Each structure stands twice: as structure tokens, then as C-alpha cells.
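What follows draws every value from the coordinates through simple rules; no lab data is involved. Computed from a prediction, not measured in an experiment: that's the story for all the values here. Because the Cβ atoms are built from the backbone with ideal geometry, glycine has one as well, and the counts that use them run over all protein chains shown.
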Ligand code: R5P
């Protein structure tokens, strides 16, 4: 029997495409807040013996977290065979160390809570920096659907003579993979961050790439300050106006205007989150994984 998907925040158009391409069915439920702010949930689809999957939008996770847990636990109590998660943007991956003595390593605690309530998880390009693999913090099976192949295809179709630029050392993993798939050079810059919106990035340091079209690739664009600092430096060093690509367009500030004002020619992202810049589609790959399982 096909899997039963419960949409908890993904864009309706994306969900329809996932249903059509995976052959999964859509489950129905009611959710609302009581006047005191507590949550009411009611499953309207029979779930006994079904493999269920929650489709989760990972942005602003604190506001939604309890609803995910209520849904998972209720599905299990009502007989679901398993409850998995498709969460294209996996939040809480960036606090992966205690930078100051009292800080909470939220990535670890978030992973522990998710692992306690779900059976497996599918995501795209989680921010693996100081962790080598999700299995270091998640105790359930996980599958990463990489964005690099679709990003590489988009670059081949849309940018002439590209060079892929990573704005910081963490981006090396994605940038190197994308460059090898496109068949072009890459360079990784160095970043110094002294606050949420205070970022410095080094200048490019190679003469042989100066005539190419720079394509900045990063996993997350949040305030846009990392990309903006990199764009300004590339332009100041005499390169062409860069294209900016983010896998996860969190875009917490006025990112697109900031990047355009800094000198970017275009800003595009993957459809891990719903945003007008999300022109690079992973829908088909997620649908295949939903159909085949982990
Ligand atoms: C962190 O290292 C990530 O890879 C991104 O570079 C970072 O999250 C971007 O954040 P922002 O857009 O706020 O500079």
C-alpha cells in the first residue's frame, strides 16, 4: 500500500507534485488553537497499519514543534506502522558546538527529540560542519537528498563560463561537488563572523578565474550578509556580477534587495522552502525517495 502523507507546512503546489510523482496518498487532519493557545488536533484519515510521512517546513521550528510531536504520537497510538519525516530544510544544525561556556548545543537536543518521536527522516543538504554525518546526533535512519546535481544542471543551462565560489570554508563540500559536476573551477573564500549581521569575507585569490562568471553557492542564505560580503568583494576585485545560489532560502531579512544592491546579477534558490527565488527543483528526487523508501 502507498504511503500516507500529512502536510504540515509545505507549499500546496509542491505537495500536489509530490503526490502525483510518488503515487502516495494525502492524509487529512484538523488543527486549531484553543483560546488559551493550546493545540487541538484530530486525524480524519484511517491510519492503522499505514506508513505515514509528515511533510514539514523547517523554518520557525519553535512555533510548530509541538504540533509535529502531537501528530507523530497520535499516528502511532492510532496504529500507524511507521511515521517518517520529509523535512527539506533541517533546522537547528548550525549550533553544533558550545562557542561560549553556557551555550546550549541545540542541534544535539533537537536531533534527540526528533529521534524519539519519528522512525526516519529525509532532508536536503543539512548544515554538516562540525558533524561529519547526521548519525552523530540522530539515532534514526536518515537520508540526505543532495542538491548538487540539480544546481549543477541549472548552472550548465543558465550561466556561461562559470566559476563556482564558496563564501566560507563550510561551503567547500557543496562547491567542490557542484564544480566537478559542471566541469569548471572553484574557489572557497574565508569568512569571519562577529555577529548575526556582521560578516567579513576574504577576496578571491586566483588570476585564472577573473574572466569567468562567478556563481556563489552556499547551503543557507539567512540574513544574506555572508553572500552580500562575498558579492561586494568579487565585484570590487573586478569580476563580473555574480549569480547567488542558496540551497535553503531562509531569507530572514530583505535578502534579495541586499544582494542585488551589493552587485549580484541574480539570486536563485532550491525549492526546499517556498520563495519566489526557488527556481531549482528537487521535487522529483524527493518523490522518488518517498516512493522507494530510505
Ligand atoms: C553557515 O556557515 C552557513 O553555511 C551560511 O553561510 C550562513 O548560515 C549564512 O547566513 P547569513 O545569510 O545570515 O549570513
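Please compute the length gained on full extension between residue 153 and residue 44, using 0.36 nm multiplied by the number of residues separating them and subtracting their Cα-Cα distance.
Taking 0.36 nm per residue and subtracting the Cα distance, the gain is 35.2 nm.
Find the percent of Cα-Cα distances in the stretch 148-271 that exceed 21 Å, and round it to a whole number.
28 percent
Taking 0.36 nm per intervening residue step and subtracting the Cα-Cα distance, what contour gain separates residue 106 from residue 236 on full extension?
43.1 nm
Relative to the longest principal Cα axis of the chain, at what angle does helix 283-292 sit, 0 to 90 degrees, rounded to 10?
40 degrees
Please work out, to two decimal places, the log10 of the ratio I(q)/I(0) at q = 0.21 Å⁻¹ from a Debye calculation in which every Cα of the stretch 85-224 carries one identical scatterer.
Once normalised to I(0) and log-transformed, intensities are -1.29.
How far apart, in nm, are the 7 Å Cα→Cβ label points at residue 20 and residue 161?
According to this spin-label approximation, the distance is 4.0 nm.
Pulled fully out, how much extra length does the chain show between residue 281 and residue 66, if you take 0.36 nm times their separation in residues and subtract their Cα-Cα distance?
74.5 nm
At 7 Å along the Cα-to-beta-carbon direction for both residue 144 and residue 36, put a label point, then send me their distance in nm to one decimal.
Reported label-point gap for residue 144 and residue 36 is 4.4 nm.
Give me the percent of DSSP beta bridges within the stretch 148-271 that run antiparallel, rounded to the nearest 5.
Antiparallel bridges make up about 20 percent of those DSSP assigns within the stretch 148-271.
Just to be sure I understand: of the beta bridges DSSP finds with both ends in the chain, what percent are antiparallel, rounded to 5?
Expressed as a percentage, antiparallel bridges in the chain total about 20.
Could you state, as a whole-number percent, how many of the C-alpha pairs of the chain are farther apart than 31 Å?
32 percent
If each of residue 210 and residue 98 carries a label point 7 Å out from its Cα toward its Cβ, how far apart are those two points in nm?
Roughly 4.8 nm, to one decimal.
Angle, helix 106-117 long axis vs. longest principal axis of the chain, Cα atoms, 0 to 90°, nearest 10?
The answer is roughly 30 degrees.
What value, in deg cm²/dmol to 500, does the helix sum -39500 (n - 2.57) over DSSP H runs of n ≥ 4 give at 222 nm once divided by the residues of the chain?
Value at 222 nm, helices only, nearest 500: -9500 deg cm²/dmol.
So what's the gap between the Cα centers of the stretch 231-250 and the stretch 62-125, to the nearest angstrom?
32 Å
Output the relative contact order of the stretch 148-271, whole-number percent, from Cα pairs under 8 angstrom with separation of 6+ residues.
In percent, rounded to a whole number, it is 22.
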